[in-house]
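First the structure, in the form of structure tokens, and then the observations on it.
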Amino acid sequence: MQKYLVKGKKSLEGQCMVSGSKNAALPILAASILISGHTVIKNVPNLLDVTTIIRVLRALGIRAEYSQQHPNTVDVWNYQVRHVAPYELVTKMRASFFVIGPILAVKGLAKVPLPGGCAIGSRPVDLHLKGMEALGAKVELEHGFVIVRANKLKGARIYLDFPSVGATESIMMAATLAEGETIIENAAREPEIVDLANFLNKAGAKIEGAGTEEMHIQGVSFLSPVEYAVIPDRIEAGTMMTAAAITKGKVKISGIIPEHVEAVTRKLQECGVKVEIENDTAWVSAPDGLQAIDIKTLPYPGFPTDMQPQFTALLTLASGTSVVTETLFENRFMYVHELRRMGADIKLEGQSAVIRGVPKLSGAPVRVPDLRAGAALLLAGLAAEGETLLEDRDHHLDRGYERIVEKLNALGAEVKKC
């Protein structure tokens, strides 16, 4: 178990650099299964989730490891791939399921356990499997494993009932080596989709339309080894911007891609927070008083669900009543009763949280139910009076934020792992 002791009422000031995107690095590492030879992936955050996907690759017979000479670089040597993914790892982290498409494309057979991960909703894999079937695979469920078989994948037109990021990525990877053209309609548009497509295209894939609702993938016979740098983490960037706002601080955040944080930027500005962006840098400074706003999570380019808990924490201290509506995951408000322990006034009504701003939060012992909830409770602790003790039984924060304690403390926070 990991615990964090947070001393509150510290205004954050200074500058920080955003790490590489976890949600981009994981599918890119999975996609390395498609490439024979030595691939180098740069700007990879050193996180538990990344370590897990590296262990999955090793279990598949691929040599993968962080470089000893170059920080945040992962070397992948792929010369032979096994078709069975390890139960104990895939059930531990949902993103490990992404390997099903690449394994199927390379081997014609994949046996992958049903996934695990944060308990924020059911997030079924039906869309992934529907895509594999459309490409010509036969799908079976046996003893907790999904087994997919295909002599040769063939391009198809696939409509996604929901623009699922994971399903879009799985189908894109599988279709890269399929015969003919695959068209994904109602595809997810997230920046991580574009980054994966850019990585694959650099290796020789033929993918067009990434970042739009319709993607076209022309199958190729092989992919070649590449060097590639992962995009910055837009959720870490948004979290640090919100940390500056909730502590009434003034922080310079470098290494961002402005359009990736546009929805977060606009909502912070609605709250009265001053945000100025130039090139890859954001300057965030908070007013004496925050204003209540309403938020509704949506697929990109809408407001990201992965920033919903952090903004809920922020709005507990805003003047007036805010309404935050979650449209993507049914269990994303599991952290609310922990914020109430700190003095927040939040009422849940279905998939919405009605937040009445309070003058202050008070430090308290709280439990971390999932990754982004952990970030929200950490931010609340930074703003609260007194000390907050976060109990993170499953190391959620270490899964998704690289050196978060070090970065916050460099800005004037007092956070200690214990």
Check: the chain dipole with +1 on Lys, Arg Cβ and -1 on Asp, Glu Cβ, in debye: 840 debye
Table column - 3J(HN,Hα) (Hz), region 385-394, Karplus curve with 6.51, -1.76, 1.60, x for Gly and Pro: 7, x, 10, 10, 10, 8, 9, 10, 4, 9
Ascending count of other beta-carbon atoms within 10 Å, so fewest first, for Tyr4, Tyr159: Tyr159, Tyr4
Farthest toward positive dipole pole in region 326-378 [+1 Lys/Arg, -1 Asp/Glu at C-beta], among Thr327, Ser362, Leu348: Ser362
For region 56-62, 3J(HN,Hα) per residue [Karplus equation, 6.51 cos²θ - 1.76 cosθ + 1.60, θ = phi - 60°, Hz, x = Gly/Pro]: 4, 4, 4, 5, 8, x, 9
J(HN,Hα) series, region 267-274, from Karplus relation 6.51 cos²θ - 1.76 cosθ + 1.60, nearest Hz, glycine and proline x: 6, 5, 5, 4, 6, x, 7, 8
Relative contact order of region 22-229, pairs being alpha-carbon contacts under 8 Å that are 6 or more residues apart, as %: 20 percent
Region 1-79 and region 200-235: distance between their alpha carbon centers, rounded to Å: 19 Å
Mean Cα-pair separation over length for the chain, i.e. relative contact order, pairs under 8 Å, 6 or more apart, %: 21 percent
Kirkwood Rh in Å, taken over region 27-76 so that all alpha-carbon pairs contribute: 10.8 Å
Amide H within-cut-off set for Val146, under 5 Å, with H built and near neighbours excluded: Val112, Leu114
Value of [θ]222 nm, deg cm²/dmol, for the chain, DSSP H segments ≥ 4, -39500 (n - 2.57) each, nearest 500: -8500 deg cm²/dmol
Interchain or long-range residues, amide H under 5 Å from Asp294's placed H: Val323
Ratio Rg/Rh [Cα only; Rh per Kirkwood] for region 123-240: 0.99
Nonlocal amide H pairs with Ile158, under 5 Å, H built at 1.01 Å: Ile183, Ile184, Glu185
Entries of Lys252/Lys296; Lys252/Lys274; Lys3/Lys267; Lys42/Lys130; Lys202/Lys252; Lys9/Lys250 with Cα pairs more than 21 Å apart: Lys252/Lys296; Lys3/Lys267; Lys42/Lys130; Lys202/Lys252
Estimated translational D of the chain in µm²/s (Stokes, Kirkwood radius over Cα pairs; 10 °C; 1.306 mPa s): 73 µm²/s
Anisotropy class of region 1-145 from Cα gyration tensor, a/c 1.5 cut: oblate
Rounded if a/c under 1.5, otherwise prolate or oblate - region 316-370, Cα gyration tensor axes: oblate
Cα gyration tensor, region 266-341 - rounded (a/c under 1.5), prolate or oblate: oblate
Distance between modelled label sites at Arg58 and Lys42, nm, 7 Å Cα→Cβ extension: 2.5 nm
Aspartates and glutamates whose Cα lies under 13 Å from that of Lys248, excluding same-chain neighbours fewer than 8 positions away: Glu13, Asp288
Ratio Rg/Rh [Cα only; Rh per Kirkwood] for region 22-229: 0.93
Descending semi-axes in Å of region 271-418, equivalent ellipsoid built from Cα gyration tensor: 21, 19, 17
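Here, each number is a calculation from the coordinates, and none is a lab measurement. Just so you know, these numbers come straight off a predicted model, no measurement behind them. For neighbour counting, all protein chains shown are included, and Cβ atoms are generated from backbone atoms with ideal geometry for every residue, glycine included.
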